[in-house]
Amino acid sequence: MLIAAGTAGGAIVGSGSEEEIELLKNYGLLTGTANQLFDDSRDPDYPPTYRDRALSDSRDLTAEAIKCTDKLKPSEAQRKLRDLCKISEVPLL
């Protein structure tokens, strides 16, 4: 929720359209959840089946976040958001 508040807030402050605000809110929800699940997947206290599922779900959420950026108009900000997703994918490959 914290990342979603930041991304949606940035869209609001930047005079984004309702669609851009919604896309950026969803981007924040997806990336925040994906990063938490990736963190969980590395925790040895969780059972291996949970860790495997967390890693798989993290990959799926990251892919959905990238799709959110595809719907934004091309800009430096859009490129940076995509780059953030790609950085978070590196340990998932």
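The values are calculated or read from the model by the stated rules, or taken from the named source; none is laboratory data. Computed from a prediction, not measured in an experiment: that's the story for all the values here. Glycine gets a Cβ as well: all are built from the backbone with ideal geometry, and neighbour counts include every protein chain shown. For accessibility, only protein heavy atoms count, side chains too; no ligands or nucleic acids. Shrake-Rupley method; radii C 1.70, N 1.55, O 1.52, S 1.80 Å.
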### Message
Tell me whether segment 19-39 contains one or more residues that are assigned to a loop (DSSP other than H, G, I, E, B), acidic (Asp, Glu) and open to solvent by less than 90 Å² (accessible area, probe 1.4 Å).
### Response
no
### Query
Is it the case that some residue within segment 63-78 is crowded, with 17+ Cβ neighbours inside 10 Å, assigned to a helix (DSSP H, G or I) and among the basic types (Lys, Arg)?
no
### Task
Would you check which residues across segment 40-55 are out of contact with any Leu (no Cβ under 9 Å at 6 or more places or on another chain) and either modelled with pLDDT of 95 or more or in a helix (DSSP H, G or I) (or both) and list them?
Pro48, Thr49, Tyr50, Arg51, Asp52
### Task
Might you let me know whether segment 51-60 holds any residue that is of a type in the set (Asp, Glu) and either more than 23 Å from Gln78 (Cα to Cα) or open to solvent by less than 30 Å² (accessible area, probe 1.4 Å) (or both)?
yes
### Query
Within segment 2-21, can one find any residue that is in contact with a Gly (Cβ under 8 Å, 6 or more places away or on another chain) and at pLDDT below 90?
yes
### Task
Only residues that are free of Cβ contacts under 8 Å to residues at least 24 places away in the same chain and either of a type in the set (Asp, Glu) or in a loop (DSSP other than H, G, I, E, B) (or both): list them for segment 79-92, please.
Asp83
